[in-house]
1. Filter A:K86/B:K62; A:K74/B:K74; A:K46/B:K101 down to the pairs with a C-alpha to C-alpha distance above 31 Å, please.
2. If you find the alpha carbon centre of segment A:27-49 and of segment A:57-88, how far apart are they in angstrom?
3. Take every residue in peptide B:64-77, count the Cβ atoms of other chains within 10 Å of its Cβ, and give the average of those counts.
4. So how far apart, in nm, are the two label points at A:K101 and A:A18 if each is 7 Å from Cα heading toward Cβ?
5. Once you average over the residues of B:6-16, how many Cβ atoms of partner chains fall within 10 Å of each Cβ?
6. According to the Cα gyration tensor, what semi-axes, each the square root of 5 times an eigenvalue, does the equivalent ellipsoid of chain A have, listed from largest to smallest in whole Å?
7. Given a cut-off of under 8 Å on Cα pairs at least six residues apart, what relative contact order in percent is computed for chain A?
8. Put a dot 7 Å past each Cα toward the Cβ at B:Q42 and A:E77; how far apart are the dots in nm?
Number of protein chains: 2
Amino acid sequence: METRRDVFQAIADPTRRAIILLLAVSAMTPNAIAEHFNSSRQAISKHIQVLTECEILKQEQKGREIHYHLNASKMNEIEKWLEQFKQLLAKRFDQLDDVLKQLKSDKK
Amino acid sequence: METRRDVFQAIADPTRRAIILLLAVSAMTPNAIAEHFNSSRQAISKHIQVLTECEILKQEQKGREIHYHLNASKMNEIEKWLEQFKQLLAKRFDQLDDVLKQLKSDKK
DNA sequence: TTTATTTGCTACCATATGGTTGCGAATATA
DNA sequence: TATATTCGCAACCATATGGTAGCAAATAAA
């Protein structure tokens, strides 16, 4: 089993979703991020690592600090899939519409 | 650690995403679903179970067959979160806009 | 230079995940 | 009735996950 590293894996965890929302506002250091949670720095650091592997976060070294930036474009994949889903769903309802129209015309 | 059963967990797995797309078109039995994949019936069955626990699928018994239906409304949660994300992002760009405007007026 | 801060890394742990095989119950078909 | 099909359930396995604690390197501050 290979470990999946994609956007869907990234947003599966509520803490990671919160980190994404945080960094949507502004870039932050790991410690600054961790301060927003009850989890330990190391736990948050692991989430950051996962998000980085998913290419949702990018590092920027500034002295001893590392600023994590959001790669917002990666989120498009979610939207893309959701769009695909909605289209299939719409298609189904269109077909349902056809059936209902058929029933209606049969009545006449 | 409690097992999370939400939409985000549901779509984290590519097989489950495919099952969702399949059922977006029409309800199916577990065997019919499994035929679309290389995985075994039992493996697919487990994914179906997870999706059901996430309340994305609903069962409908028909004789010895069970038809699985999609509860499409559950997917709204993803869209809702994505919307929240996009708003935060837009807000950031607005602020950036303000900064740029500020710089511009400073020049004068 | 000494000390404190920031950070990634490794080792470790309990539980979750995704998969397998096999079984048994219920329903449909011969 | 005997047989086949559909399906959930339980046991089991290897690996992933989310968390912990502790260490070492690099940089900044005293």
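Read-outs throughout are calculated quantities, based only on the coordinates presented, and are distinct from any laboratory measurement. Since this is a predicted model, take the numbers as computed values, not measurements. We place every Cβ from the backbone using ideal geometry, glycine too, and count neighbours over all the protein chains shown.
1. A:K46/B:K101
2. 17
3. 1
4. Going from the A:K101 label point to the A:A18 one covers 5.0 nm.
5. For this peptide, the per-residue mean of nearby foreign Cβ atoms is 4.
6. 45, 12, 12
7. Across chain A, relative contact order equals 26 percent.
8. About 3.1 nm separates the two model spin labels.
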